[in-house]
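The values are calculated or read from the model by the stated rules, or taken from the named source; none is laboratory data. Remember, predicted model here, so these are calculated numbers, not experimental data. All Cβ positions, glycine included, derive from the backbone under ideal geometry; neighbour counts span all protein chains shown.
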Amino acid sequence: MDAVTLDLPDGSVFLRRATIDDLSVIIDLLADDPISAARGDSADASDREAYEVAFAAIDRDPAQRLLVVVDSVGAVVATMQLTVIPGLARRGASRLQIEAVRVSSSQRNRGVGAAMMRWAIEDARVSGVPLVQLTSDAARVDAHRFYERLGFEASHVGFKYRVETS
């Protein structure tokens, strides 16, 4: 994927595929979020190997795109992961799953998140993927309003089951 310009009300940023060199900043974006931090995304150096293994798995899977937004000097200011999921339901429709949307606290309220989401929706349309979906923690009330303003509907109730692994 070539870098794409995202226009904001006060300038522009660039969306591109993440590289391993972006990993530290992506980890910091996850850790900067209190909900993610409570789930273990603490940006602790001892976790680096686990993040590298996960990055490699995402990077080699053609159904996955880990993307970053960079500012005019190349600093990473946001990230999201997109996954195309083929399906049988809805007459064999694929869906685009959006995960781990994070915008640096210093860049919030500039329109970065909205530009990212609009781009993802348009990319799905152009790619022939008729459904874009995401989940959001129940505690993220502001995020829910944000997604609804973009046209998303709170149509399902999500469940998670924590599996103990060794």
Asp47: passes all of (1) over 14 Å from Arg102 (Cα atoms); (2) outside any helix (DSSP H, G or I) but (2)
For Ala57, the lone unmet condition from (1) surrounded by 11 or more Cβ atoms within 10 Å (Cβ to Cβ); (2) part of a helix (DSSP H, G or I) is (1)
Per the list (1) surrounded by 18 or more Cβ atoms within 10 Å (Cβ to Cβ); (2) farther than 16 Å from Arg16 by Cβ, residue check on Ser94 breaks on (1)
Over region 105-133, the set of residues at pLDDT below 95 and more than 18 Å from Val4 (Cβ to Cβ) is Ser105, Ser106, Arg108, Asn109
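Yes/no per residue for (1) of a type outside the set (Gly, Ala, Ser); (2) closer than 22 Å to Ile27 by Cβ:
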{"residue": "Asp71", "(1), (2)": "yes, yes"}
{"residue": "Leu82", "(1), (2)": "yes, yes"}
{"residue": "Pro86", "(1), (2)": "yes, no"}
{"residue": "Ala93", "(1), (2)": "no, no"}
{"residue": "Arg102", "(1), (2)": "yes, yes"}
{"residue": "Gln107", "(1), (2)": "yes, yes"}
{"residue": "Val132", "(1), (2)": "yes, no"}
{"residue": "Gly151", "(1), (2)": "no, no"}
{"residue": "Glu164", "(1), (2)": "yes, no"}
Filter region 120-140 for residues that are in contact (Cβ under 8 Å) with a residue 12 or more places away in the chain and within 12 Å of the chain's Cα centre (by Cα); the one that is surrounded by the fewest Cβ atoms within 10 Å (Cβ to Cβ) is Thr135
Scanning region 99-140 residue by residue, those among the β-branched types (Val, Ile, Thr), within 14 Å of Val70 (Cα to Cα) and part of a helix (DSSP H, G or I) turn out to be Val112
